[in-house]
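The values are calculated or read from the model by the stated rules, or taken from the named source; none is laboratory data. For clarity, every value in this text was computed on a predicted model and none was experimentally measured. Heads up, the Cβs are rebuilt from the backbone with ideal geometry, glycines too, and the neighbour counts pull from every protein chain shown.
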Amino acid sequence: MESTRPRIVLATESRYKKELFSQLRIHFESKAAHIDESRRAGEAPAAMARRLALEKAQAIFAEDPTSWVIGADQVIYLEDEAFSKPGSAEAAVEQLLKLQGRTHTLLSAIALVGPGGVWSAEAPFEMTMRSFSRAELERYVEVDQPLDCAGAYKVEAAGIRLFERMRGDDFTSIIGLPLTSVIDVLESAGLWSQVKYEL
């Protein structure tokens with residue numbers, strides 16, 4: 001049975017994504033895809049997320065064409081401005097000042113690349129942030145330290161307090177890996193029936 005089980009690889013070293021994927025209770029490996037994640041000139045934020053998810057999966061698949069690789073990418077954007085990881089407290093506050101009092105989009109895109117082809121999906125969330133003063137946002141950043149999070153918030157922690165409304169179909173996409181979409185692509189590729197009983 002072990003020899004016929006598909007080799008599923010999650011193209012990431014993100015602790016958050018690995019923890020989420022493990023909720024599916026299927027055997028998987030993880031490996032970081034080393035690609036250029038820069039946004040291309042004129043590229044829409046959603047298109048960037050779709051492209052990067054695919055490129056991550058393709059990079060790992062190229063190393064082992066018998067594997068089934070899931071790539072994922074998340075983008076947070078307001079109009080045409082994409083928000084990356086702030087890296088510093090000052091940059092985090094500046095991002096939050098732009099997002100506060102407005103509705104932005106958080107889009108998680110995934111791609112499955114395997115011997116049988118390519119499947120993709122995406123899960124958008126509309127995120128409406130409450131209004132805050134600079135001092136309030138500085139305090140939030142000090143408490144939650146969201147320096148490695150695009151958009152400068154951790155909705156799975158104290159960042160939930162920043163929001164008035166969140167609208168979408170799969171709450172796991174907020175953390176970066178939409179599990180219902182993962183199941184959908186595994187099912188479309190004919191893999192889900194082979195792995196879903198591993199509980």
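Annotation note: Cβ proximity below 6 Å between a residue of the stretch 27-44 that is under 16 Å from Tyr16 (Cα atoms) and surrounded by fewer than 14 Cβ atoms within 10 Å (Cβ to Cβ) and a residue that is acidic (Asp, Glu) and modelled with pLDDT under 95 (sequence gap 6+ or interchain) occurs for Ala32/Glu13. If the condition is being in contact with a strand residue (DSSP E or B) (Cβ under 6 Å, 6 or more places away or on another chain) and either under 17 Å from Arg39 (Cα atoms) or buried (at least 20 other Cβ atoms within 10 Å of the Cβ) (or both), then the stretch 83-103 contributes Phe83, Gln95, Leu99.
Would it be correct to say that Ser108 is closer than 21 Å to Trp68 by Cβ, out of contact with any Pro (no Cβ under 8 Å at 6 or more places or on another chain) and either modelled with pLDDT of 95 or more or part of a loop (DSSP other than H, G, I, E, B) (or both)? Judged against the criteria, Ser108 is not a match. Exactly one residue out of Lys154, Lys85, Lys56 is in contact with a Cys (Cβ under 8 Å, 6 or more places away or on another chain) and either touching a residue at least 12 places away in the same chain (Cβ under 8 Å) or charged (D, E, K, R) (or both): that is Lys85.
All conditions in (1) closer than 21 Å to Gly114 by Cα; (2) out of contact with any Leu (no Cβ under 7 Å at 6 or more places or on another chain) hold for Ile70, with the sole exception of (2).
Quick one: in the stretch 25-72, which of the residues that are part of a helix (DSSP H, G or I) and small (Gly, Ala, Ser) is nearest to Ser181 (Cα to Cα)? First the steps, then the outcome.
Let us first name the residues in the stretch 25-72 that are part of a helix (DSSP H, G or I), namely 45-63.
Keeping just the survivors that are small (Gly, Ala, Ser) gives 46-47, 49, 53, 57, 59, 62.
Values: Ala46: 16, Ala47: 17, Ala49: 15, Ala53: 13, Ala57: 15, Ala59: 21, Ala62: 23 Å.
The selected residue is Ala53.
Only one of the listed residues (Asp64, Asp80, Asp73) is closer than 30 Å to Glu29 by Cβ and surrounded by fewer than 18 Cβ atoms within 10 Å (Cβ to Cβ). That residue is Asp64.
Any idea how many residues of the stretch 80-94 are of a type outside the set (A, V, I, L, M) and part of a strand (DSSP E or B)? Show your work before the answer.
Taking the stretch 80-94 and keeping what is of a type outside the set (A, V, I, L, M), we get 80-81, 83-88, 90, 94.
Adding the requirement that they be part of a strand (DSSP E or B) leaves 81, 83.
The number of residues fulfilling the criteria is 2.
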